[in-house]
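Student: Quick one: the structure is below, and I'll ask about it shortly.
Coordinate-derived values only; no laboratory data. The structure displayed is predicted, hence computed values, not measured ones. Here the Cβ is made from the backbone with ideal geometry for all residues, glycine too, and neighbour counts use every protein chain on show.
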Protein chains: 2
Amino acid sequence: MKNKRPSIRDIAKQLNVSTTTVSFVLNGKAKEKRISEQLAEQVLKFVEEVGYKPNQIAQSLRTGKSRIISLMVEDISNAFFSKVARLIEEAAHQRGYKIIYCSTENSVDKTRELIRMFRDWQIDGYIITPPAGVEEDIQGLINDKHPVVLFDRFFPRLKTNYVIVDNFNSTYKAVNHLISQGYSRIAFVTLESEQVQMNDRLNGYKKALEDCLLPPLVKSLNFDKPAEENKKEITSFLVNNRQLDAIVFATNYISVWGLEAIRDITFMSPADVGIVSFDDHDVFPLFAPPVSAVAQPVEEISKEVINIMLKQLEDPEQMNTNKHVVLPAKLIIRESSLKKKLA
Amino acid sequence: MKNKRPSIRDIAKQLNVSTTTVSFVLNGKAKEKRISEQLAEQVLKFVEEVGYKPNQIAQSLRTGKSRIISLMVEDISNAFFSKVARLIEEAAHQRGYKIIYCSTENSVDKTRELIRMFRDWQIDGYIITPPAGVEEDIQGLINDKHPVVLFDRFFPRLKTNYVIVDNFNSTYKAVNHLISQGYSRIAFVTLESEQVQMNDRLNGYKKALEDCLLPPLVKSLNFDKPAEENKKEITSFLVNNRQLDAIVFATNYISVWGLEAIRDITFMSPADVGIVSFDDHDVFPLFAPPVSAVAQPVEEISKEVINIMLKQLEDPEQMNTNKHVVLPAKLIIRESSLKKKLA
DNA sequence: GTGAAAGCGCTAACAA
DNA sequence: TTGTTAGCGCTTTCAC
């Protein structure tokens, strides 16, 4: 039933030329190999006619290249990552590359397994938001001359390309904004994590408070625990710290957990407490009240990431230089962080 | 630099056996081919030692199988699709399959191109939320005996597997709920689309109104237009139909557009109008007011889809039967659809 | 200018 | 019980 696709040999046979000739023409080497224009055209025309498409698998096996880039993000269902994924895919697609996405779920094991799988597949390049603990695997990729671009986070000790936002200063500014609005008991809800981006956010928060001689108040959650549990954690944190008057959430999903927690606490209302989320979300403007956020420049991040990747892919020379891109994030002030009437 | 990975031949040479033997052992055919346990074990041990991994590309070239399933959704950055994607990926992963996701953006051309690409890659199976207009391409896949599972929508004229929710009745119930809350001028905001799921939702809406002798009021948007434009469309629709007292949005992102539109209209507030969204969203509970929604059973959908796919993949007999799964959706009533104080 | 042929790493029919 | 070998479809060197 499945009528086999024509192979390069079929083409060659029909045209009474050798596969070599066909291959050269197909790969645009007709000129270089001084194949007669006439023949070249004839081949092209015939190929078009029968709708011949080279077998990518065979091509990969032969060349060791796949024109596939893997994109491993923390969680594809997170708005930030899925947006970046979309944008990167689009750009890659235009340049003739395919993107394979997948989610690491911040698990070292899963990430390792995925990297191994992609190596098996002779994937051309790796775009990764690595969980803490996979330095060695990344180093392994680099050692074996695979193009790697990290984003959202990086490993300070690793010589790699990366694209991140200025987490420290963005958080610093966000906290300062809250202070300027009259808040003084500002909490920070984040993840137990050694990832630099989370650390930088935490440090930006601490520094801002320190500069104003205010005390820090930090709650750390565990990424691996189910959302429900983390919500409960936040709830009890809030209940036990009724004096706080503002909160900075370190990611958009923590913000969502936090807001749900606040909603469920009877003596507390989101209107009573200043809120800023690190990482924006399409729907934050629709919340009650609309949530202020540190917006990461999704388009620029994607553009930088894919550009660095393609440059490496297309020019092996580039493999020797590491690009470090640090982009500014933008504080978007909505109602949630403004001075409250009560305060 | 890149020290080549060992090939099956290297293994064979080191062990002084033939590649066949190694291949058989590796593929679990040792028993079947009556290779001595001793030898088999020795091979396995050595393979383990040198960390040999078969070259997937070569394997695919040879077997015509890739153990990859493609998952083409409308838009990976949409909460519904990205959630399904995550769940399907997880299940597939456990069964030794990889998932390649990508977004069709509801474009016939892009979808076609993607299908073509996946065929080149000898992808084993296709999970698709097809845009209207790709019947033939899907039919082509089926003709060539590729396992296909559609979800979220399907083509009535096509003999395929599909998993959908009961769009008609779910919408019917949602509209009825609004009516029971005292609303009578209920609008429906949807997409210009020939996709069955959108049609069913529309028809469910119409039927519910008809049964109560209420007049329908439908606004159709264009998926391909930028979000901003669609928001404006909704705004002018609302402005021109001030008499309406409730709205059903046909997808979660249309709901978001609609709510943004409402927010920006001075004489209108989301508190004044009954709202139900088809398709739930994690953050709807946090909106002002919390948005009622028809929640699709994401877990079940994913489970059904991947089960059908794996069954087909593992048992070619299954290719001859088409599974049609229609799942019930659940109306989640939040504040937005309750009787208003003003009304 | 063009073609023959080796070989990428693997599987499996066939031989021994 | 194990080995030999012919490809899968393609690229590319070398020979003509």
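Student: Which one, B:A261, A:N199, B:H93, projects farthest toward the positive side of the charge dipole computed for the protein assembly as shown from Cβ point charges (K/R +1, D/E -1)?
Tutor: Ranked along the dipole, the leading option is B:H93.
Student: Among chain B residues, which Cβ is nearest the axis of the B-onto-A rotation, and at how many Å?
Tutor: So the chain B residue sitting closest to the axis is B:A288, 1.
Student: Please compute one quarter of the surface area of the Cα convex hull for segment B:120-250 and express it in square nanometres.
Tutor: The number I arrive at for segment B:120-250 is 9.6 nm².
Student: What is the set of long-range amide H partners of A:V149 at a cut-off below 5 Å, with H atoms built 1.01 Å from backbone N?
Tutor: Correct list: A:Y126, A:I127, A:I128.
Student: Still on this model: Mind checking the alpha-carbon convex hull of segment A:177-236 and giving the volume per residue in Å³?
Tutor: 91 Å³
Student: Just counting partner chain Cβ atoms within 10 Å, what average do the residues of peptide A:75-87 show around their Cβ?
Tutor: 5
Student: Taking the highest mean first, how do the peptides A:16-25, A:291-300, B:76-85 order by number of other beta carbon atoms within 10 angstrom per residue?
Tutor: B:76-85, A:291-300, A:16-25
Student: If neighbour count is taken as other Cβ atoms inside 10 Å, put B:E48, A:E105 in order from fewest to most.
Tutor: So the ranking, lowest neighbour count to highest, is B:E48, A:E105.
Student: Quick one: B:D211, A:D315, B:D10, fewest Cβ neighbours within 10 Å first, how do they rank?
Tutor: Ascending Cβ contact count within 10 Å gives the list A:D315, B:D211, B:D10.
Student: I've got another one for you. Quick one: helix B:108-120 against the long Cα principal axis of chain B, what's the angle to the nearest 10°, folded into 0 to 90?
Tutor: 10 degrees
Student: Using 1/(1 + (r/R0)^6) with R0 = 35 angstrom and r between the beta carbons of B:N320 and B:T63, what's the FRET efficiency to the nearest 0.05?
Tutor: The pair B:N320/B:T63 has a calculated efficiency of 0.95.
Student: I need the per residue convex hull volume for segment A:8-54, using only the alpha carbons, in cubic angstrom as a whole number.
Tutor: It comes to 60 Å³ per residue, whole-number rounded.
Student: Round to the nearest 10 and give me the degree value, 0 to 90, for the angle of helix B:252-264's Cα axis relative to the longest principal axis of chain B.
Tutor: 40 degrees
Student: Mean residue ellipticity at 222 nm from the helices of chain A, using -39,500 (n - 2.57) per DSSP H segment of n ≥ 4 over the full residue count, to the nearest 500 deg cm²/dmol?
Tutor: Rounded to the nearest 500, it is -13500 deg cm²/dmol.
Student: Turning to a different aspect of this structure: Compute, for segment A:8-54, the length of the dipole vector about the Cα centre, with Cβ point charges of +1 (Lys, Arg) and -1 (Asp, Glu) only. Units Debye, rounded to 20.
Tutor: 200 debye
Student: How far is helix B:79-94 tilted off the main Cα axis of chain B, in degrees rounded to 10, range 0 to 90?
Tutor: Approximately 20 degrees, to the nearest ten.
Student: Just tell me which lysines come within less than 28 Å, Cα to Cα, of B:K225; anything on the same chain fewer than 8 places away is out.
Tutor: B:K225 reaches A:K83, A:K98, A:K303, A:K330, B:K83, B:K110, B:K206.
Student: Classify chain B from the C-alpha gyration tensor, please: rounded if a/c falls under 1.5, else prolate or oblate depending on whether a/b exceeds b/c.
Tutor: prolate
Student: Here is a follow-up. For the protein assembly as shown, compute the orientation-averaged projected area of the C-alpha convex hull (one quarter of its surface), in nm².
Tutor: Its average projected convex-hull area is 35.4 nm².
Student: Right, here's the next one. Under the definition of partner shielding as Cβ atoms of other protein chains within 10 Å of a residue Cβ, what is the mean value for peptide B:283-289?
Tutor: 6
Student: So what's the net charge close to A:S180: Lys and Arg +1, Asp and Glu -1, counting the other residues with Cβ under 14 Å from its Cβ?
Tutor: Neighbourhood net charge equals +1.
Student: What GluC sites (Glu not before Pro) in segment B:110-200 are in a loop by DSSP, with at most 13 other Cβ atoms within 10 Å of the Cβ?
Tutor: B:E192, B:E194
Student: Within 10 Å of each Cβ in A:140-151, how many Cβ atoms from other chains are there, averaged over the peptide?
Tutor: Average per residue, whole number: 1.
Student: What percent of all Cα-Cα pairs in segment A:46-119 falls in each 10 Å bin, counting up from 0?
Tutor: Taking every Cα pair in segment A:46-119, the percentages come to 17, 35, 31, 12, 4, 0.
Student: With contacts defined as alpha carbon pairs under 8 Å and 6 or more residues apart, what's the relative contact order of segment A:118-228 in percent?
Tutor: Result for segment A:118-228 is 23 percent.
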